[in-house]
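The structure appears right after this line, and notes come after that.
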Amino acid sequence: MKRIRRLMMLAAGPYAPQFRATLRISVIASLVQAAAYAVFIPLLAALSAGRFGEAWSWVGALAALVVIEGALRVREGAFTYDYWHLVTGATRTRLGDRLRSMPQQELNRRAAGDLTTVVGSNVTSAATGISSFSTLFVQLVTVPALLGVVVLVVDWRLGLVLVAATIAAIPLVRKLRALSNAGFRRVDEANAGAASRIVEYVQGLPVFKATGQAGADSERLVSVFTHQQEANAVSNRSASVPVAALQFLVQVAVVALVTLGASFVLDARLSLPLLLAVVVTAARFAEPLGAAVTMTKLFEMSEAALSRIGSVLAVEPLPVRPGGTAPTSFDITFDKVGFTYDGRTSPVLHEVDLVVPQRSLTALVGPSGSGKTTVTKLITRFADPQSGVIRLGGVDVGSLEPAELLRHIAVVFQDVYLFDDTILANIAMGRPDATEEEIIAAARAANVHAFISRLPQGYRTRVGEIGSALSGGERQRISIARAILKDAPVVLLDEPTAALDTESEVVVQQAIDNLVRGKTVVVIAHRLSTVVGADQILVIDGGTVAQRGTHEELITRPGRYADMWSAQLRARDWQLPAQPASP
Amino acid sequence: MSNSGMKPVSDLVALSPGVRGQLTRALALGALGGAAGVAGYVCVAMAVGELFAAQPSASALAWWISFALVGLVVSFGSRWLAEQVAHHASFELEVVLRRRLADALAKMPLGVVQRLGSGRIKKVMQDDVAALHNVVADAMPFFGAVAAQPIAALIALGVVQWKLLLAVLLVVPVAMISFSLMARDYAAQRAKYNDANENVNAAVVEFVQGMPVVRTFDDGRTSFRRFTDAVEAFTAAIGAWTATSRTASVFNKLVIVPLPTLLVIAAAGVPMLATEWITAPELLLGLLIGAMPIEAISPLMHLTNYVNDSKAGAVRINELLAIPPLPEPSSPKAPQGSAVSLTGVTFSYSTDRGAPVLSEVDIEIPAGSVCALVGPSGSGKSTVARLIPRFYDVEAGSVSVGGVDVREMRSDVLLQHVALVFQDPFLVEGTVAENIRLGKPGATDEEVRAAARAAAAHDFIVTELQDGYDSQVGERGGRLSGGQRQRVTIARAILSDAQVVVLDEATAFTDPESEAAIQDAIARLTKGRTVLVIAHRLSTVVDVDQIVVLDGGKVVERGKHAELVAANGRYAALWARHEQASSWGLTGSKEVKL
């Protein structure tokens, strides 16, 4: 209970004071409601005794309490109308802030789909949990508890029946929660399995159709669907037993109360009007408890959403070590750097030492999985190495705020990401205060100005609207324009031309030439021919620098580089064979 | 509560008579539960009423109490059972619908499936189907109780004391009207809300996926503003929606609770009792069951939003089920041989958008020959590749395989004849052997190995993977490298023995070593088969039997490499570019001494 309260306060964020006030109102309204039911005791006593004048005044009191409770409930409900949307907004902004500041490694570890769910639907369920279910829960729990006290005061023996029922209910509620949590997990797993099979089915439909494995009887699908159905059924069935027991308990308690009360009246140990009052009250005791049980699922849904939000908000940004001063020169050094990805056991980099002199070109080559990309990621503080130090211009990158560090670095990735905004805005991202002239100059240098000018709305064309009309090469050149505009002293290139076709390649290549002029450059290259002119080639293999030198030096030495070079020469000359047409 | 908006849901339920029967049972059980609850409380009131008699009879008292117990136990028992039945029905319905959807997907044109995308299809098949649970499992038992409990309570009250019924009848209609006002689906507002919601989701996806870019450029200022803009728009849309529904909802909060009704009964009861119009036990009965009609509605208040979500999901499910299937021939023909031809083919993805993607394209690929398609991106190369396995039907002209129009073949037969090797290799979760065997279910281990050998995959399978052919490849083949995945799919195509191969050549390979192996694999796959290759790098197609140059959806040149270079046209220009691109290299600043 404490945990949920803490999570709710966390999610309510800046509106926590209003939320707290709402909970207080809710408690008071429930007190008033319980008092209203308690009024039935003197009211029924007065009626039974024929004191109608007094009965009228109790009716008056009841009316007053009903009105007061109503007014309080309106105020309680106002939170939903005045703050629900604000809570979603504030929570999303805070989550967005967290996404921006958490280590990139942490961000990659969480699937994009999961994060979208957290910021999307989990936020709305959590807000509903805060605004509606919390007050409902207060009401469903407080009112029966208070009524139990009232009955206890009226007749302690009858009150004990309700107390006994409540005590018996506690382990059942615990059991119910444990079972439904286990059930949720099982169902979640089954759902994830089914979701991935559905994606597989859609993507592989041509193969499945060719081999008669598509359609309603697709074995791969039917098996996961059946499993999903079983998981659902099992989880539902196991939770349904304690639910049944709880409901049964509540009903039996009411009947036991009536039976015991009636026998007391027969023995003249209890007056009839009091019994009437107790029966009316007991009925009010049973109804909310029953409702609470049926609402369990809704409560738990919002609890799960709250937990997931809490877990994202709890991720700390990378620590910044003291003593960082802005770098003034831009050579890059790795000093015995060791790095292991989160959740893996074997290191991907192992005591890596390297120096990238200022204004030089260093190429990283090596088989996939060797650690090339990790080297460039660590330069940008994607994550911090477990051992060793990385320096930029002699300054430990761990002592720089990521934003400060990244001011000096431009990165061009193989996969280009453009935002659904104008082309102008996409380029301007490189330097938000750039003038339009500067942006156009960058576009010219990136070989993309002519293309943009041909678009009907030129630089104001929205990327989303022409989406697929942009080829890979055009997208890549826009991203290079962004990097040119940024004019950062360090440039990192991750196979920027690998995914392009011949046509786009030439213009992208020219753009890159303009980008890297006079910069400190680290390039990850697959095609060795593109880096024969590098000042330094580092062959990364098995997480260490296996060889280093210029192309001329490396091809003459037996080793990894010479092997790769000859393999690539062979591959380059490969051709699809011509075939004699069949007779 | 069967309001008109329920049609999409009931249409889906109607697809499974078994589920429908179960739901009827759940409704009936829910109704029984509502009625028995009323009966139970009537018996409680009768038991207490017995005490008012001058000489209360202990046995009568015991009977009433026993009846009360039975009534209450039956009430909760049948509600519980209603829930179980409804849940069971809902789980069954989910499987029925998902299999229906799988069937619809298998029958609609593959191109339509491809364009819908696996993300959207997953959402409908998984999330929207699951959301039906809100109506089918959670709300159905309540619907039964909502119908039966108020009626039973009002009848009981009318039978015992009609005068008190008058008092209750003052309140119940107000509550009913109030509830129906709130439960109304404000379609226009809801649409706005959904739009805003979708925008927020899109902004989140963009923000998360673009994060590496965001961070290296502006520390997320620009993109963060885009994100917060979408969040604020959502906040505003909600603000507007809640403002319209506020009054109805507040009113509900005040009316759909037991106390006001009890107050009315008490206030009416005082003068009635004073004038001896009614008796004290009758008033007790009024207080016990008078509020039950209202109580029956209140759980639905909290379910309304979930029910509306279900309805929106049901609409999307129906839309997907309504996509017309690809017409299958009534008297199918079998292809003879493996020649492929496109004759006068004109095609566009949607009829309303300007120039067609392909216009009057003629391509003849004799059996056993290799044809390469080259041309700039957007020229229609991939479209040609999609028309051969009939991802779409042409608008004009015809596509034939083995001399038979693809529309006159059963689509599974066509796909058995045409192996597709696309850039993005497709692997299923399972073992390497299972993945290769997909090409020919029932193939022997020997055949699988032979195919793997031909695809240059055998060596890495037995030396680099822990469990050889039984190694798990992970979700979508994630545990294999790109080059390894590529070779497994080629092995599958070799095993399938399809005589036509449509090959979308990869633009980039992950590492030089596997590039050579993949090239060997492709050489063996294409040997003796009819091949259409989409070539991104011209060097690989120098030797093919026929090069077709596409531009703007038209064939602009065709011939062999040497002829086309000599012709000095479009292809010659492409070739010159290619030569230029291959000689590019980054150069260092030579003044730096290392």
Convex hull (Cα only) mean projected area of region A:341-427, reported in nm² to one decimal
7.9 nm²
Among beta bridges that DSSP assigns inside chain B, antiparallel share in %, nearest 5
50 percent
Quick one: compute the contact order of region B:1-151, relative version, from alpha carbon pairs under 8 angstrom and 6+ residues apart, as a percent.
41 percent
Can you give the mean number of other chain Cβ atoms that lie within 10 Å of the Cβ atoms in peptide B:423-435?
2
Quotient of Cα Rg and 2.2 N^0.38 Å for the protein assembly as shown, N being how many residues it contains:
1.14
Taking only the Cα atoms of region A:67-138, how large is their convex hull per residue, in Å³?
84 Å³
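In region A:332-572, what percentage of the DSSP-assigned beta bridges are antiparallel, given to the nearest 5?
Numbers: 18 of 35 bridges.
Counting DSSP beta bridges with both partners in region A:332-572, the antiparallel share is about 50 percent.
Residue separation times 0.36 nm, minus the C-alpha to C-alpha distance between A:ARG3 and A:ASP217: what's the value? Show your work: numbers first, answer last.
Numbers: separation 214, 0.36 × 214 = 77.04 nm, distance 4.56 nm.
Length difference between fully extended and current span is 72.5 nm.
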If amide H atoms are built 1.01 Å from N in the plane of the peptide, which residues on other chains or at least 5 residues away come under 5 Å of the amide H of A:ARG51?
none
If you look at just the Cα atoms of region B:340-582, how large are its Rg and its Dmax in Å?
18.6, 55
Inter-label distance for A:VAL173 and A:ALA233, nm, one decimal - labels placed 7 Å from Cα along Cα-to-Cβ:
3.2 nm
The helix B:292-321 Cα axis meets the longest alpha-carbon principal axis of chain B at an angle in degrees, between 0 and 90 and rounded to 10, of 20 degrees
Can you list the lysines whose alpha carbon sits under 23 Å from that of B:LYS253, skipping same-chain ones fewer than 8 residues off?
A:LYS297
Cα axis of helix B:258-274 to longest principal axis of chain B: angle in degrees, 0 to 90, nearest 10?
10 degrees
Counting alpha carbon pairs within less than 8 Å and at least 6 residues apart, what relative contact order, in whole percent, applies to chain B?
14 percent
What is the ratio of the Cα radius of gyration of chain B to 2.2 N^0.38 Å, where N is its residue count, to two decimals?
1.42
Using Stokes-Einstein with the Kirkwood hydrodynamic radius over Cα pairs, what translational diffusion coefficient do you get for region B:238-361 at 37 °C and a viscosity of 0.692 mPa s, in µm²/s rounded to a whole number?
146 µm²/s
Cβ-placed point charges (K, R +1; D, E -1), dipole of chain B about Cα centre in debye, nearest 20:
720 debye
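What is the Å³ per residue value for the convex hull set by the Cα atoms of region B:421-513?
Details: hull volume 8.3 nm³, N = 93.
Measuring per residue, one finds 89 Å³ for the Cα hull of region B:421-513.
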With r as the distance between the Cβ atoms of A:ASP353 and A:THR556 and R0 = 22 Å, compute the FRET efficiency 1/(1 + (r/R0)^6) and round to 0.05.
0.40
Virtual paramagnetic centre 7 Å along Cα→Cβ of B:GLU395, amide N under 20 Å, in region B:313-353:
B:324, B:326-327, B:342-353
Have a look at A:THR340, A:PRO322, A:SER311 and report the one farthest towards the positive end of the charge dipole of region A:296-353, computed about the Cα centre with Cβ charges (Lys/Arg +1, Asp/Glu -1).
A:SER311
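Could you give the size of the charge dipole of the protein assembly as shown about its Cα centre, using +1 on the Cβ of each K and R and -1 on the Cβ of each D and E, expressed in debye and rounded to the nearest 20?
Numbers: 106 positive and 107 negative charges, 407 e Å.
For the protein assembly as shown, the charge dipole is close to 1960 debye.
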Per DSSP helix of 4 or more residues, -39500 (n - 2.57); summed, then divided by the residues of chain B. What does that give at 222 nm, rounded to the nearest 500?
-20000 deg cm²/dmol
Rounded to the nearest 500 deg cm²/dmol, what is the calculated helix-only ellipticity per residue at 222 nm for chain A, with -39500 (n - 2.57) per DSSP H run of length n ≥ 4?
-21000 deg cm²/dmol
For chain A, return all DSSP H helices satisfying: extent of Cα atoms along own axis at least 24 Å; mean Kyte-Doolittle hydropathy at least -1.0.
A:16-48, A:52-101, A:134-154, A:156-203, A:219-266, A:272-294, A:296-313
For region B:56-209, what D do you get in µm² per second when you plug the Kirkwood radius from alpha-carbon pairs into Stokes-Einstein at 20 °C and 1.002 mPa s?
103 µm²/s
Tilt, helix B:187-209 to longest principal axis of chain B (alpha-carbon atoms), in degrees rounded to tens, equals 50 degrees
Calculate the radius of gyration of the Cα atoms of region B:321-443 to one decimal place, then report Dmax, the largest Cα-Cα distance, as a whole number, both in Å.
16.0, 48
Taking the dipole of region A:89-158 about the Cα centre (Lys, Arg +1; Asp, Glu -1; charges at Cβ), the one of A:THR117, A:PRO103, A:GLN139 that reaches farthest to the positive side is A:PRO103
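Where Rh denotes the Kirkwood radius from the mean inverse Cα pair distance, what is Rg over Rh for region A:382-524?
On the way: Rg = 15.8 Å, Rh = 15.8 Å.
Radius of gyration over Kirkwood radius for region A:382-524 works out to 1.00.
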Cα→Cβ-extended label distance, 7 Å offset, between B:ASN318 and A:ARG269, nm:
6.3 nm
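When 1/r is averaged over all different Cα pairs and the result inverted, which Kirkwood radius in Å belongs to region A:210-317? Walk me through the intermediate numbers first.
On the way: mean 1/r = 0.0526 Å⁻¹.
Answer for region A:210-317: a Kirkwood hydrodynamic radius of 19.0 Å.
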Can you give me the long-range amide H partners of B:VAL361? Hydrogens built in the peptide plane at 1.01 Å from N, cutoff under 5 Å, separation of 5 or more residues or another chain.
B:GLY344, B:VAL345, B:THR346
Separation in nanometres of the label points that stand 7 Å from Cα toward Cβ, at A:LYS297 and A:ARG570:
6.2 nm
Explain nothing, just the number: relative contact order of region B:340-582, from Cα pairs under 8 Å at least 6 residues apart, as a whole percent.
26 percent
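Report for the protein assembly as shown the percent antiparallel among DSSP-assigned beta bridges with both residues inside it, nearest 5. Don't skip to the answer; put the middle values down first.
Numbers: 36 of 71 bridges.
For the protein assembly as shown, the DSSP antiparallel bridge percentage is about 50.
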Convert 37 °C to kelvin, take the viscosity as 0.692 mPa s, use the Kirkwood radius over C-alpha pairs of region A:332-572 as Rh, and evaluate the Stokes-Einstein diffusion coefficient in µm²/s, rounded to a whole number.
174 µm²/s
Size of charge dipole - region A:156-269 - debye, nearest 20, with Cβ of Lys, Arg +1 and Asp, Glu -1, no other charges
380 debye
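Please report, to one decimal in angstroms, the Kirkwood hydrodynamic radius of region A:156-269 built from all distinct Cα-Cα pairs.
Values: mean 1/r = 0.0556 Å⁻¹.
Taking the inverse mean of 1/r over all distinct Cα pairs, region A:156-269 comes out at 18.0 Å.
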Evaluate E = 1/(1 + (r/R0)^6) for B:TRP277 and A:ARG51, where r is the Cβ-Cβ distance and R0 equals 25 Å; express this FRET efficiency to the nearest 0.05.
0.90
If you consider only alpha-carbon coordinates, what radius of gyration and Dmax does chain A have, in Å?
35.0, 116
Fewest to most Cβ atoms within 10 Å: B:ARG524, B:ARG485, B:ARG79 sort as B:ARG524, B:ARG485, B:ARG79
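Any chance you could run the full-extension gain for B:ARG410 through B:LYS527? It's 0.36 nm times the residue separation minus the Cα-Cα distance, nm to one decimal. Please list the in-between numbers first.
Details: separation 117, 0.36 × 117 = 42.12 nm, distance 2.62 nm.
This chain segment gains 39.5 nm when fully extended.
Take the alpha-carbon positions of region B:490-577, form their convex hull, and give its projected area averaged over all directions (one quarter of the hull surface) in nm². Before the final figure, lay out each step's value.
Numbers: hull surface 26.5 nm².
Answer in nm², one decimal: 6.6.
Every read-out reported here was derived from the displayed coordinates using simple, explicitly stated rules and does not represent laboratory data. Predicted, not measured: the structure shown is a model, and the values here were computed from it. Note: ideal-geometry Cβ built from the backbone for every residue, glycine included; neighbour counts use all protein chains shown.
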